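Structure first, then comments.
The values are calculated or read from the model by the stated rules, or taken from the named source; none is laboratory data. Values in this document were obtained by computation on a predicted structure and should not be read as measured data. Glycine gets a Cβ as well: all are built from the backbone with ideal geometry, and neighbour counts include every protein chain shown. Each accessible area value is taken on the protein alone, full model and side chains, heavy atoms only, with ligands, DNA and RNA left out. Shrake-Rupley method; radii C 1.70, N 1.55, O 1.52, S 1.80 Å.
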Amino acid sequence: MTASTKRDLRHAARSRRREIAGRTDALAREAAGAAIAEAVLRFVPEPCRVAVYESLPDEPPTGPLVEALLAAGHEVVVPVVLDDFSLEWRYAVRGTSGDDATVRRPSHGGHTPDPEERRGWLGTDTLATCDLVVTPGLSVDSHGTRLGQGGGCYDRALVHRDPSAPVIALLHEGEQSEVDLPADPHDVPVDGYVTTTGRVVRLR
């Protein structure tokens, strides 16, 4: 497929996501976060290190997942997007706002971080030490091809992962693709996905 086709698919997926987020109230979002957390915790029965992204408002919520993983004794790392769209990693921090507790969002690209900001960062190759990687995505097809936001952050980061560590994406229910998505040579497929209803789909 052409680059323009991929852009068109991404544009349509973003519009669909905005529509889903627009009709999702606070109670439904809370339920989605709980369903995702319960489903993903089944992948990590023993204490281990898990990489999880920090969700934006229209994405499947990951705050409850991070909190649940930390409460269960797992080590959680979250990404910092650098200026060149590569990913650094840092430890997740427990929230302090009660039931709505979320991890603190790290600094994102657009500036050069100072030495204090870099203190505690774990390196761009941190995924090599993770037992499970949870990635964002706009859609996933039956082959595990993931449609991302277009920056290539995770495709570059996943090069470092432990090949035995599962990679799963989080989707709103209904975002899975019924047709094959275009895949470039650098695209890294995922092993499955979890939806906001807690549905787990294993693909690889």
*asked:* Just checking, does the stretch 27-40 include any residue being in contact (Cβ under 8 Å) with a residue 60 or more places away in the chain and part of a loop (DSSP other than H, G, I, E, B)?
replied: no
*Do you know which residues across the stretch 133-182 are within 25 Å of ARG29 (Cβ to Cβ) and assigned to a helix (DSSP H, G or I)?*
CYS153, TYR154
*If you take the residues in the stretch 149-186 that are touching a residue at least 60 places away in the same chain (Cβ under 8 Å), touching a Pro at 6+ places or on another chain (Cβ under 8 Å) and closer than 19 Å to ARG10 by Cα, which one is most open to solvent (accessible area, probe 1.4 Å)?*
GLN149
*asked:* Please determine whether any residue of the stretch 112-122 is of a type in the set (S, T, N, Q), open to solvent by 80 Å² or more (accessible area, probe 1.4 Å), modelled with pLDDT under 95 and more than 22 Å from THR195 (Cβ to Cβ).
replied: yes
_under 16 Å from CYS130 (Cα atoms) and open to solvent by less than 30 Å² (accessible area, probe 1.4 Å): is that true of PRO79 in this structure?_
yes
*Pick from the stretch 187-204 the residues that are open to solvent by 50 Å² or more (accessible area, probe 1.4 Å) and either free of Cβ contacts under 8 Å to residues at least 12 places away in the same chain or among the charged types (D, E, K, R) (or both): which of them is farthest from PRO60 (Cα to Cα)?*
ARG204
*Out of curiosity, is ALA31 surrounded by fewer than 18 Cβ atoms within 10 Å (Cβ to Cβ), over 16 Å from the mean Cα position of the chain (by Cα) and at pLDDT 95 or above?*
yes
*Has the stretch 50-69 got any residue that is assigned to a loop (DSSP other than H, G, I, E, B), open to solvent by 40 Å² or more (accessible area, probe 1.4 Å), at positive phi and out of contact with any strand residue (DSSP E or B) (no Cβ under 7 Å at 6 or more places or on another chain)?*
no
_Count of the stretch 194-204 residues which are modelled with pLDDT of 95 or more and either assigned to a loop (DSSP other than H, G, I, E, B) or under 10 Å from VAL167 (Cβ atoms) (or both)_ = 4
